[in-house]
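The values are calculated or read from the model by the stated rules, or taken from the named source; none is laboratory data. Since this is a predicted model, take the numbers as computed values, not measurements. Note that we place each Cβ from the backbone using ideal geometry, even for glycine, and neighbour counts take in every protein chain shown. For the accessible areas, the whole protein counts, side chains as well, though only heavy atoms, and no ligand, DNA or RNA atoms are used. Shrake-Rupley method; radii C 1.70, N 1.55, O 1.52, S 1.80 Å.
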Amino acid sequence: MDIAAYMAGVGQQARTAATAVARSTTAVRNQALLATAEALDAARSELTAANARDLAQGRDNGLDAAMLDRLELTAQRIDGMIEGLRQVASLPDPIGAITDMTYRPSGIQVGKMRVPLGVIGIIYESRPNVTVEAASLCLKSGNATILRGGSESIHSNQAIAACVASGLAAAGLPETAVQVINTTDRAAVGELITMPEYVDVIVPRGGKGLIERISRDARVPVIKHLDGVCHVYIDSHADPEKALNVAVNAKTHRYGTCNTMETLLVDAEVADDMLPLLAGAFAEKSVELRGCERTCALVPSALAAKEADWEAEYLAPILAVRVVDGLDGAIAHINRYSSQHTDSIITENYTRARRFITEVDSSSVMVNASTRFADGFEYGLGAEIGISTDKIHARGPVGLEGLTSQKYVVFGDGHIRT
């Protein structure tokens, strides 16, 4: 296959389709989403069979447990894809909304209209349900999209792509509005990120190496996050039961996600009481603890943490634990080691909670809640295209509004500038 020619063709088709999608009505785009949901529901056996092929190949290739977990399409995850499509269809359409209309002294009215970005290229690894999440959000927000999933999920992604194509056709939209790259050749990624004439923005979802490469080589704007080094800090004013439940959930609900806690911080004032309780709970879940010197003194089973552990996104049943000197110590540690993804404080002290959410510079900052809630679905976005740790345009879970831009609109009545 001539990859350059193939990707140029994909780009040209996406650019043409983007015009049709942008002109379509909300009702038509919603019809496509709901028809896709029906197609997925009808194709459960095909999806499961395709996913089984990917899982078998992944095991043969030595994928670790976290990667296999991301790759698996369980019945529950298929249900989640279907529900996500229906929820996105029910969300308000941001396209065409005009806000901030004001009269200027000249008599003109000036406001802002929300518009699609155009063509969005999305590069992701492992999780085939991302194909549906990305397609649904791009379509609802009036964009065309080019999806390049990981080679390990090629069969699952192609099975899902067939359902999306069916949904688009049912609504009378071009099937090229959502294109899933059908080659595993990595050269396709290099072409996708260097086609500014066809692609308006790139969203990479995957490991740190992938995102660093995309950010370095892209000639198209990138919405990115590098990794999810998420923290939970147990304050001296925390309710012990809440602290235990939140910390265990933040780490063990799922290991292979970017919003999983990777470092637990415990105030020195409560460490003597809390750490043995926490260690017991994590031992029941077979979570390996890597602690600072004070942690190891209280939890003999903990391994001595190295400097690299404070920067690690394990995506595995491993947890770094540090005893800190109060809120100052916790904030200093988080702002030194956090990837600015999601960080949480457990406290009953409102003043400390307010200071934490003010001074911790992350895309999601939480009080008395598990970091696992940092998710577009949980935030009411229906689904998410990714979680951005950028500070420009979109930050945190990127839903419909993050896939749009604004243009100024001006209304006059024959006004001229004098």
(message) Being touching a Ser or Thr at 6+ places or on another chain (Cβ under 6 Å) and farther than 12 Å from ARG372 by Cα is the filter here; which residues of segment 227-261 pass it?
(response) ASP227, VAL229, ASP235, HIS237, ALA238
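Let's see how each residue does on (1) outside any helix (DSSP H, G or I); (2) farther than 21 Å from GLN76 by Cβ:
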residue	(1), (2)
ILE122	yes, yes
ALA135	no, no
LEU139	no, yes
LEU147	yes, yes
ALA159	no, no
CYS163	no, no
(request) Among the residues of segment 188-219, write down those that are farther than 20 Å from SER339 by Cβ, in a helix (DSSP H, G or I) and of a type in the set (D, E, K, R). (result) GLU191, ASP217
(request) Among the residues of segment 215-225, count how many are under 19 Å from the mean Cα position of the chain (by Cα) and surrounded by 18 or more Cβ atoms within 10 Å (Cβ to Cβ). (result) 4
(request) Only one of these is farther than 26 Å from THR176 by Cβ and in contact with a Lys or Arg (Cβ under 7 Å, 6 or more places away or on another chain): ALA97, ALA65. Name it. (result) ALA97
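Just checking, which of GLY206, GLY149, GLY118 is free of Cβ contacts under 8 Å to residues at least 60 places away in the same chain, of a type outside the set (S, T, N, Q) and in contact with a strand residue (DSSP E or B) (Cβ under 9 Å, 6 or more places away or on another chain)?
The unique qualifying residue is GLY149.
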(request) Select, from THR351, THR347, the only residue that is open to solvent by 40 Å² or more (accessible area, probe 1.4 Å), over 19 Å from GLU262 (Cβ atoms) and not aromatic (Phe, Trp, Tyr). (result) THR351
(message) Regarding segment 306-324, can at least one residue be identified that is among the aromatic types (Phe, Trp, Tyr), under 22 Å from GLY206 (Cα atoms) and over 20 Å from the mean Cα position of the chain (by Cα)?
(response) yes
(message) For segment 380-418, which positions are open to solvent by less than 40 Å² (accessible area, probe 1.4 Å), within 21 Å of ASP227 (Cα to Cα) and not hydrophobic (A, V, I, L, M, F, W, C)?
(response) GLU384, GLY386, SER388, THR389, ASP390, GLY396, PRO397, GLY399, GLY402
(request) Among the residues of segment 360-371, count how many are farther than 17 Å from SER339 by Cβ and touching a residue at least 24 places away in the same chain (Cβ under 8 Å). (result) 3
(message) Checking ILE120 against (1) modelled with pLDDT under 95; (2) of a type outside the set (Phe, Trp, Tyr); (3) open to solvent by less than 40 Å² (accessible area, probe 1.4 Å): exactly one of these is not met. Which one?
(response) (1)
(request) For residues that are surrounded by fewer than 18 Cβ atoms within 10 Å (Cβ to Cβ) and part of a loop (DSSP other than H, G, I, E, B), scanning just segment 46-66, find the one that is nearest to the chain's Cα centre (by Cα). (result) ASP64
(message) I'm trying to understand the selection: among the residues of segment 231-267, which are open to solvent by 10 Å² or more (accessible area, probe 1.4 Å), of a type outside the set (Val, Ile, Thr) and assigned to a helix (DSSP H, G or I)?
(response) PRO240, GLU241, LYS242, LEU244, ASN245, ASN249
(message) Of the residues GLU293, GLU212, only one is surrounded by fewer than 24 Cβ atoms within 10 Å (Cβ to Cβ) and either touching a residue at least 12 places away in the same chain (Cβ under 8 Å) or within 27 Å of ASP64 (Cα to Cα) (or both); which?
(response) GLU212
(request) Considering each of ASP267, ASP200, ASP273, ASP239 in turn, give the residue that is at pLDDT 90 or above, farther than 27 Å from LEU403 by Cα and in contact with a Leu (Cβ under 9 Å, 6 or more places away or on another chain). (result) ASP267
(request) For segment 188-205, indicate whether the set of residues that are touching a Pro at 6+ places or on another chain (Cβ under 6 Å) and charged (D, E, K, R) is non-empty. (result) no
(message) Criterion first (open to solvent by less than 30 Å² (accessible area, probe 1.4 Å), of a type in the set (Val, Ile, Thr) and either touching a Phe, Trp or Tyr at 6+ places or on another chain (Cβ under 6 Å) or more than 24 Å from GLY58 (Cβ to Cβ) (or both)) does VAL178 satisfy it?
(response) yes
(request) Would you mind finding the one in ALA14, ALA20, ALA8, ALA4 that is among the small types (Gly, Ala, Ser), buried (at least 19 other Cβ atoms within 10 Å of the Cβ) and either touching a helix residue (DSSP H, G or I) at 6+ places or on another chain (Cβ under 8 Å) or not in a helix (DSSP H, G or I) (or both)? (result) ALA14
(request) Filter segment 380-407 down to residues that are acidic (Asp, Glu) and within 12 Å of the chain's Cα centre (by Cα), then give me how many there are. (result) 1
(request) Consider only pairs whose beta carbons are under 6 Å apart and that are at least six residues apart or on different chains; among these, list those whose first residue lies in segment 251-274 and is more than 17 Å from CYS292 (Cβ to Cβ) and whose second residue is among the basic types (Lys, Arg) and buried (at least 19 other Cβ atoms within 10 Å of the Cβ). (result) HIS253/ARG372; GLY256/ARG70; ASN259/ARG372
